Amino acid sequence: MKPEIFNFFTMLVERASGISIKSGKEYLLQSRLDELARTLGYRDHEKLYEVARTKLTRQLLDQIVDALTTNETYFFRDQHPFETLRRVIIPELKKKREREKRLRFWSAACSTGQEPYSLAILLREYFPDLVKSWHIEILASDISESALKKAREGVYNQIEVNRGLPVTFLVKYFKQVAAHWRISDEIRRMVTFKRINLVEPFPVMHQFDVILCRYVLIYFSQPMKKRVWENLCRALAPGGYILLGATEIPPELPADMEKKVLGKTVCFRKKD
Ligand SMILES: C[S@@+](CC[C@H](N)C(=O)[O-])C[C@H]1O[C@@H](n2cnc3c(N)ncnc32)[C@H](O)[C@@H]1O
């Protein structure tokens with residue numbers, strides 16, 4: 001890939017999404033852009049470059065960003081954060097929010113939906129009383145429209161349901177449709193999907209009791225990571241928790257946040 005093309009696309013994508021693609025990833029960038037170019041009816045990434053350089057529309061920019069996101073995910077990813085939610089965080093919040101009877105969750109980079117659906121299944125399975133008589137909101141957002149489309153459909157292939165999903169939950173909460181598995185309406189209805197770009201000012205929202213922001217800050221430059229992290233902390237209700245990916249370390253903790261190690265899970269709590 002020509003250096004000027006690499007520089008053009010990496011700058012474009014970093015400005016639009018925060019995703020920082022370092023040199024050494026030329027091959028990855030080229031193969032994804034070649035694929036997008038062909039989908040749009042262009043010869044290859046060089047032709048796409050010409051088009052993007054001369055008449056970049058909002059739609060094309062979104063398609064380029066979409067093509068360069070990494071949507072790797074699976075049900076109950078890493079297991080232990082979901083254990084911690086089940087054993088510690090949700091029981092604690094249940095006591096704390098007894099009066100309001102309301103809990104708000106945000107899966108802030110939900111990819112193709114496995115993360116928010118895992119949370120919805122966990123709530124339905126282990127906290128049926130909350131699901132039945134409390135206001136439980138699960139907002140799931142991502143920058144990638146194609147990931148969100150799949151998430152909204154809630155249809156997964158055999159390989160996807162084999163990754164992380166206990167077979168008892170597969171049987172209970174999915175319906176087999178030919179070679180695929182469709183998530184049940186009762187679970188799908190618990191989740192609201194929305195396109196939110198984390199590097200832009202967040203839309204006006206309520207504060208959340210739990211924010212899952214897992215395996216996305218790793219793609220951002222340090223200054224961008226810091227900005228998004230501060231916005232996430234502001235979006236958290238007092239007593240609420242942020243969970244990052246297992247190996248992710250936040251830039252720095254604002255004075256009103258504390259680090260908590262709960263079993264194997266490192267999480268970040270807003271002081272009351
Ligand atoms: C590796 S996936 C992680 C999915 C899920 N959180 C998990 O842990 O399994 C990263 C997701 O972050 C999304 N993403 C990247 N940049 C983003 C941004 N600026 N705003 C919102 N989502 C973004 C990607 O589209 C992708 O779906």
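The values are calculated or read from the model by the stated rules, or taken from the named source; none is laboratory data. Worth saying up front: this structure is predicted, and the values here are computed from it rather than measured. As a convention, Cβ positions derive from the backbone with ideal geometry for all residues, glycine included, and neighbour counts pool all protein chains shown. Surface areas here come from the heavy atoms of the whole protein model, side chains and all, with no ligands, DNA or RNA. Shrake-Rupley method; radii C 1.70, N 1.55, O 1.52, S 1.80 Å.
What to note about this one:
- Selection status of CYS233, within 17 Å of the chain's Cα centre (by Cα) and assigned to a strand (DSSP E or B): no
- Filter result for the condition that a residue is modelled with pLDDT of 95 or more, under 28 Å from CYS233 (Cβ atoms), more than 13 Å from the ligand (Cβ to nearest atom) and out of contact with any strand residue (DSSP E or B) (no Cβ under 9 Å at 6 or more places or on another chain), over LEU130, LEU122, LEU85: LEU122
- Failed item in (1) more than 16 Å from the ligand (Cβ to nearest atom); (2) open to solvent by 70 Å² or more (accessible area, probe 1.4 Å), with ASN162 passing the rest: (1)
- Output for region 197-218, where each listed residue is more than 21 Å from SER118 (Cβ to Cβ) and among the aromatic types (Phe, Trp, Tyr): PHE202
- GLU14 being open to solvent by 20 Å² or more (accessible area, probe 1.4 Å), modelled with pLDDT of 95 or more and out of contact with any Ser or Thr (no Cβ under 6 Å at 6 or more places or on another chain): no
- Elements of type helices (runs of 4 or more DSSP H) in region 1-91, at least 2 residues being basic (Lys, Arg): 26-39, 45-54
- Residues in region 231-250 that are away from the ligand (no atom under 15 Å from the Cβ), exposed (fewer than 14 other Cβ atoms within 10 Å of the Cβ) and not aliphatic (A, V, I, L, M): ARG234, PRO238.
- From GLU200, GLU186, residue being open to solvent by 40 Å² or more (accessible area, probe 1.4 Å) and either within 11 Å of the ligand (Cβ to nearest atom) or not in a helix (DSSP H, G or I) (or both): GLU200
- Within region 123-180, helices (runs of 4 or more DSSP H) holding 1 or more residues that are β-branched (Val, Ile, Thr): 128-133, 158-162, 167-173
- Residues located in region 166-183, provided they are on the phi < 0 side of the Ramachandran plot and open to solvent by 60 Å² or more (accessible area, probe 1.4 Å): VAL167, THR168, VAL171, LYS172, LYS175, GLN176, VAL177, ALA179, HIS180, ARG182
- Only one of ASP129, ASP62 that is touching a helix residue (DSSP H, G or I) at 6+ places or on another chain (Cβ under 7 Å) and open to solvent by 30 Å² or more (accessible area, probe 1.4 Å): ASP62
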